[in-house]
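Worksheet: the structure to be examined is printed underneath.
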Amino acid sequence: MINPDSSRTQLIPVPAFSDNYIWLLCKGGHAVVVDPGASEPIEKLLGQYHLTLDAILLTHHHPDHVGGVKALKALTNAKVYGPLGETLPVCDEGLKEDDNITLENLGLTLSILDIPGHTAGHIAYFGYLDTGKPVVFCGDTLFAAGCGRLFEGTPAQMVNSLAKLKVLPLETLVCCAHEYTLANLRWALQVEPGNTALQQRWQTAQRQRSEGLPTLPSTIGLELETNPFCRPLQQSVSDAAAAYAGEPLTSAVAVFASLREWKNNF
Ligand code: ZN
Ligand code: FE
């Protein structure tokens, strides 16, 4: 899974629980993890590949994202970054919109986006890997063909948060924290049965899952083409959302709210 001789940063989704991914970045014997809901799978890799954990990045406070932080901190003394506005088990530096952090051993600088909606203080980390690829760690806000439930925010907040992600470069690697892709695509195909990019994505994702492969990372370009939550102003999407709501919907926020309700009940 990890090539210890690689001279470029490797980006690896480490499975945890039933459907979480803990993203691991590593290069030259150094590693960084994002949202370690459990410590064991990371401890195992650190030992197996003799990696030094430099930092732990947190996107929001939910237990399946922060459950392993205390144990990893105790074991490695890695620096813990997280959202300034949330209560976390451990946090050495709280971050908010437009803050930057530099992970020196990976040659990676990440800038922070405030993306509330799923939780009130949810943040994302965006930057460019040494491969030249842009990458975003967006936790439970943007999923492949879906988005996070609104536990602590409003549809308007989520639309605004997704808008910040949608303007990232099209080739940005979208590193979400759950393997929800097949279930999301099944629903997205109800919303837009005629979307050929979506049909194609369904075939690809089914093959990946049947081979035991992750469907992630996605890209911003693919989400713009296939994720109903990123396409509220597309006629096909707004028509379907209005049909579900049983009334005309006149704004992106109203369409989004109907889509979210639909997905919650799907
Ligand atoms: Zn969450
Ligand atoms: Fe989660």
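Only the coordinates and a few stated rules stand behind these numbers; no lab work does. Only a predicted model underlies this, so the values are computations on that prediction, with no experimental measurement involved. With ideal geometry, Cβ positions are generated from the backbone for all residues, glycine too; neighbour counts draw on all protein chains shown.
Per-structure values
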read-out	value
Reduced Cα scattering model of segment 193-266, Debye log10 I(q)/I(0), q = 0.16, 0.20, 0.25 Å⁻¹	-0.64, -0.89, -1.12
Percent of C-alpha pairs per 5 Å bin, segment 168-211, short to long	5, 19, 24, 25, 22, 5, 0
Set of lysines with alpha-carbon distance to Lys70 below 17 Å, sequence-local pairs under 8 removed	Lys44, Lys79
Euclidean distance between Cα centres, segment 120-181 to segment 66-93, Å	21
Gyration tensor verdict on segment 46-129 (Cα atoms; rounded if a/c is under 1.5, prolate if a/b is larger than b/c, oblate otherwise)	oblate
Neighbour-count order for Glu261, Glu40, Glu179, fewest beta carbons within 10 angstrom listed first	Glu40, Glu261, Glu179
Percent of C-alpha pairs per 10 Å bin, segment 141-203, short to long	19, 45, 35, 2
Alpha-carbon centroid distance for the pair segment 193-223 / segment 22-54, whole angstrom	27
Residue-wise HN-Hα coupling along segment 15-31, computed from phi with Karplus coefficients 6.51, -1.76, 1.60 (Hz; x: Gly, Pro)	x, 9, 6, 8, 8, 8, 10, 9, 7, 10, 10, 8, 6, x, x, 10, 9
Sorted by Cβ density within 10 Å, fewest first, the residues Ser18, Ser39	Ser18, Ser39
Shape category assigned to segment 1-107 from the gyration tensor of Cα positions, a/c cut at 1.5	oblate
Over 29 Å [Cα-Cα, the chain], rounded percent	29
Shape call, segment 80-176: gyration tensor on alpha carbons, a/c limit 1.5	oblate
Per-residue Cβ neighbour rank within 10 angstrom, fewest leading, Ile56, Ile12, Ile220	Ile12, Ile220, Ile56
The chain - mean residue ellipticity at 222 nm from DSSP helices (-39,500 (n - 2.57) per run, n ≥ 4, rounded to 500)	-10000 deg cm²/dmol
For segment 10-264: relative contact order, % (alpha-carbon pairs under 8 angstrom, 6 or more apart)	13
